[in-house]
Amino acid sequence: MNSTPTFATPTITIKVPLVAIEDAGLVNHALSLQSAPGVKFVAQPSNISLDAHEGGYVAPGGVGLGGVVDAAVAAAPAAALVADFGRAGHVLPLANLGQLPWDEGVGQCGSKATSCAVLSALALDPNAGFNAPPGAVIPFGSMEHAALAMGVGDRLKALIDRLEQVVNDPSETAAACVECQALVKQLRPSNEAMHALSQSFAPGAKVMVRSSGNAEDLAGLSAAGLYDSVSNVDPSRIDVLGQAVADVWASLYTPRAVGSRAAAGVGQRGAAMAVLVQQMLVPEVSFILMTRHPMTNDPNVAYAELALGHGETLASGSVRGTPWRVSMDRQNPGSAQVHAVSSFGSALVPDVDGDGTLKSATVNCASHWLTVDDQKRAQLAGRLVNAGGFIESRLGGNAGPGGSPLPQDVEGCLTPDGALWIVQARPQP
């Protein structure tokens, strides 16, 4: 186990668009292309086209994206992302993680958890304009530590080695993933760690159990939505909390996650997963905010998508409908252009049992203030622009064109008391 908190950033950047298609004809057309050697996909605000394409797509550097991982990937030595296992088996409060140097925090707990710890610190600044939920992290190496304690450490290592070897064979990869996930889902942190994690939250609180991998939330390797999160967990129910942690660990080895890492040149042996546990909020409105407009690339225009209820409505696509879509002038906070009004007929809200599930509640977006109250909507737009700019200036570094900060992909919510909460920020794809 290597305790050096250094990361090797992959040199190949592959950007994969995520587009929700509701047109039945286009869906059927997409299904008809499953046997094609590749597809050419063009997504624009006004049009989506999808056509068969010979030879698949070849990214810079010769990495192909066809029905299987390209032979160039399989033949090339995979880049490993190295994690620091020095705190394996322990629980690290976000407040403590936020006190560590950035590289050390990322080495132990990943970029997502470390950025959340930094957000917690930034939220204390009176100019921030947002709050951040408290939490704790189970650091890198804890899954491997649990496997050793259960006597299956060698078995887990052998399965990961197998994943590395069969990455160019989809059927073999899928079979290895099934075995690997089944094993990992049986693992649990130690009793001491579970009790420390449970006691990190006030009585009656519910938590989100989230991924924080060493191959996610990196510039050029976002992996947004690739790994699992478990919502609405009662941290006092140790059995439910332990299962949620194991489910997040196991999401490191889904076929989609394994294939995505292989396509980016990242070794399976080097992939590691920390688990971020944060107090869960009960939102009135959830949002995803891009500090640079994702369709026009205009750095002076921010863009947000909003939905009622829990943010899973936006992230998972499990609820049919469209969100509010709003463009905001960063030079004139409060100036907002509404491109679409939400058509969601239901929202996801926490179940009272705290068993990791959300339930559906009927909503009427047409009469909500986001639709009918221009002044209140403009006030929220101004708050989003200010919070996004503050986060970008603190987390974005100076790596953009002309030394400008990297734009940020920000997730958060507005609670019924009017408080603005930020739960995550990552470099914008």
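The values are calculated or read from the model by the stated rules, or taken from the named source; none is laboratory data. Just so it is clear, the structure is predicted and the values come from calculations on it, not from any experiment. With ideal geometry, Cβ positions are generated from the backbone for all residues, glycine too; neighbour counts draw on all protein chains shown.
Of everything in the range 327-354 that is aliphatic (A, V, I, L, M), in contact (Cβ under 8 Å) with a residue 24 or more places away in the chain and touching a Phe, Trp or Tyr at 6+ places or on another chain (Cβ under 8 Å), the residue that is nearest to V301 (Cα to Cα) is M328. The residue that is farthest from Q278 (Cα to Cα), among those in the range 321-354 that are of a type in the set (D, E, K, R) and crowded, with 16+ Cβ neighbours inside 10 Å, is D329. Exactly one residue among A307, A272, A215 is closer than 23 Å to R188 by Cα and modelled with pLDDT of 90 or more, and that residue is A272.
The residue pairs whose first member lies in the range 133-148 and is closer than 20 Å to Q186 by Cβ, whose second member is among the aromatic types (F, W, Y) and surrounded by 24 or more Cβ atoms within 10 Å (Cβ to Cβ), and whose beta carbons are closer than 8 Å, counting only pairs six or more residues apart or on different chains, are M143/W249. Six or more apart or on different chains, Cβ atoms under 6 Å: show the pairs whose first residue is in the range 256-272 and farther than 19 Å from A175 by Cβ and whose second is basic (K, R) and modelled with pLDDT under 90. Going by the 6 Å Cβ cut-off, there are no qualifying pairs.
Screening P189 against (1) surrounded by fewer than 16 Cβ atoms within 10 Å (Cβ to Cβ); (2) more than 20 Å from the chain's Cα centre (by Cα) leaves a single unmet condition, (1).
Looking only at residues in the range 355-372 that are in a strand (DSSP E or B) and in contact (Cβ under 8 Å) with a residue 24 or more places away in the chain, the one that is surrounded by the most Cβ atoms within 10 Å (Cβ to Cβ) is L358. Only residues that are part of a helix (DSSP H, G or I) and under 21 Å from R87 (Cβ atoms) were counted across the range 130-159, and they come to 12.
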